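See structure below.
The values are calculated or read from the model by the stated rules, or taken from the named source; none is laboratory data. For clarity, every value in this text was computed on a predicted model and none was experimentally measured. Here the Cβ positions follow ideal geometry from the backbone for every residue, glycine too, while neighbour counts run over all protein chains shown.
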Amino acid sequence: MLSTFAVRSGVYGSALLRGQAPRVLAVVPIGSRHKSEAAKQAETWEEANKIFYGPERDTKNFPHPVMPQESGKVRMGFVPENWFQFFYEKTGVTGPYFFGVGLVTTLLSKEIWVVDHGFAEVIGFFGAIWLLSNKVGAGMAKWLDNKNDLVNKERFEQPIVDAKASAQEIIANNEKAIWQEDGQKFLWEAKKENVALQLESVYRQRLAQVFKDVKSRLDYQLEVQNVKRRFEQTHMVNWIVDNVTKSITPQQEQESIKVCIAQLKKMSVPVATA
Amino acid sequence: MLVDIFSSFDDNNQVFMSLYMLMWAFSLVIILIFSSSYWVTGPRWAPIISLFKDTISSQVFRSFGLSLGGFLNVITGLFLFLIFLNLAGLIPYVFSPTSHLAVSLSLGLPLWLSLLISGTFFNPSSVVAGLLPMGAPAPLNPFLVLIESVSILVRPITLSVRLMANMSAGHIVLTLIGNYMTTSLFMPGAFSMLLLISIQVLYTIFEFGIGVIQAYIFCLLITLYSDEHPH
């Protein structure tokens, strides 16, 4: 809860101090209505950074708090180092130790700090802490740091790495799509050629069809003439034969039959003698 | 001001202000210290809290209590609460709230009673039927019902007294050894002093473990009692 309040008061802090309503309700930069979501987010981030880290911030007197990597230096497990530094200017190196021993001695001797079971518990408790930190301290610190690193990596670093990787993948896919679009030109040329070939073949088919039709008509005319001539020829032959047959008189017929019989007699004689 | 072995449980604090309520109120400061967070990335000891949370969550997930609304939050919070109070009570001169029956009973009695009342209103015949476990020989039935009902009724007392007795016994033993140790500090003979210091140190480490284990047992038993809730 404190952390969310701290983050929010960075934006609303000065406004709250003056008791007014906050001026910035939503950071939507001008002209960002038609951009992609990622571009809008980047613009919002830029605007927020301008407010948080812009020239209006007095970073000299109010520096940005940065989480320290390691905890503050201590001596003897729990006494901060800057207390020793505080004493060093006035009293030198042994000053703080002298002060500590003197303070403890005063408390004990004046019975402000009574030596009872509570005192024993102090010895026991700090002895236990000293023993535990010596035995398992380093190992436990390493284990805890590993776990913390894993959590930080999963929550803060891995999402950024994943987002970058997926953005790279999207860029690569888009470039591939652009390259594929270039290839569409070749496809179109090939299709055009294909259509031209089809047209050519259809044209040639039709040409052949035309030739066939014209030839068949010419053949018909030829046949008609042939038939006519043949018909005339046949008719003429028949007419001639009919007329000749009609012109044969009976006397001519008798004469031709006598001639035939005489020839036959002539031919039959040599057969009888053999 | 009389100091005896029970004075570490005394909530009369007359050093700062004569107001006993301050002892109880400031015993909860440790919860505030371990619950606050300023930075986005956690401190080095944050995985310890996650470890405790995961341990008790896995226990609750295996019980029926998960179907009761808000049970997981209550038990996980209770576990961390008891761990912090138990461990804080071991710091010298710090008041230990869990060594008082007032605290243990205030935690144990409502949890047990709420489970019992919820089960009775949900399915009273199932609760009564649970008094007679299966597979028992018939002549023992009357005695079994009595014994089961006594065992159920004594649960809040055992739950709270177990926690209170373990914590207070630990403190009392530390007090006793401490008394002998402070005596041996002012007597000749270093051997007895060293022996008692080592016993004190080792028993304190043991008490750290007992504090965590007792908190775990308290929450484990409540999840087991929730398993007997009618489904």
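Before moving on, here are some points about what is shown:
- Exactly one residue among B:VAL201, B:VAL145 is at pLDDT below 95 and of a type in the set (Val, Ile, Thr), and that residue is B:VAL145.
- Candidates A:GLU121, A:GLU89, A:GLU81 - the one that is among the acidic types (Asp, Glu) and either touching a residue at least 60 places away in the same chain (Cβ under 8 Å) or touching a strand residue (DSSP E or B) at 6+ places or on another chain (Cβ under 8 Å) (or both): A:GLU81
- Test: residue in the range B:208-221 that is within 30 Å of B:SER67 (Cβ to Cβ), free of Cβ contacts under 8 Å to residues at least 40 places away in the same chain and more than 13 Å from chain A (Cβ to nearest Cβ): yes
- Scan the range A:101-123 for residues that are at pLDDT 90 or above and in a helix (DSSP H, G or I) and the total you get is 14.
- Filter pass, B:ASN166 being under 17 Å from the mean Cα position of the chain (by Cα) and away from chain A (no Cβ under 14 Å): yes
- Among (1) touching a residue at least 24 places away in the same chain (Cβ under 8 Å); (2) over 27 Å from B:SER184 (Cα atoms) - the single one A:TRP130 does not satisfy: (2)
- Entry remark, the range A:132-152: residues being more than 8 Å from chain B (Cβ to nearest Cβ) and acidic (Asp, Glu) number 1 in total.
- Enumerated helices (runs of 4 or more DSSP H) restricted to the range B:7-111, each holding at least 1 residues that are within 14 Å of chain A (Cβ to nearest Cβ) and surrounded by 14 or more Cβ atoms within 10 Å (Cβ to Cβ): B:29-35, B:46-61, B:71-89
- Filter result for A:LEU103 (out of contact with any strand residue (DSSP E or B) (no Cβ under 6 Å at 6 or more places or on another chain) and within 14 Å of chain B (Cβ to nearest Cβ)): no
- Residue check, B:ILE75 over 24 Å from B:LEU115 (Cβ atoms) and either touching a helix residue (DSSP H, G or I) at 6+ places or on another chain (Cβ under 8 Å) or modelled with pLDDT of 95 or more (or both): no
- Residues satisfying the stated conditions in the range A:118-131, i.e. within 8 Å of chain B (Cβ to nearest Cβ) and under 29 Å from B:ASP10 (Cβ atoms): A:GLY118, A:PHE119, A:ALA120, A:GLU121, A:VAL122, A:ILE123, A:GLY124, A:PHE125, A:GLY127, A:ALA128
- Within the range A:55-70, the set of residues being over 46 Å from the mean Cα position of the chain (by Cα) and either aromatic (Phe, Trp, Tyr) or closer than 19 Å to B:TRP39 by Cα (or both) comprises A:PHE62 only.
- When the residues of the range B:204-231 are filtered to those that are charged (D, E, K, R) and part of a helix (DSSP H, G or I), the one that is modelled with the lowest pLDDT is B:ASP227.
- Within the range B:178-204, the residues that satisfy the criterion of being over 18 Å from A:LYS135 (Cα atoms), more than 7 Å from chain A (Cβ to nearest Cβ) and of a type in the set (Ser, Thr, Tyr) are B:TYR180, B:THR183, B:SER184, B:SER192.
- Test result for A:VAL93, of a type in the set (Val, Ile, Thr), in a loop (DSSP other than H, G, I, E, B), at pLDDT below 90 and closer than 24 Å to B:VAL40 by Cβ: no
- Output for the range A:120-158, where each listed residue is surrounded by fewer than 16 Cβ atoms within 10 Å (Cβ to Cβ), of a type in the set (Phe, Trp, Tyr) and more than 19 Å from B:TRP39 (Cα to Cα): A:TRP130, A:TRP143
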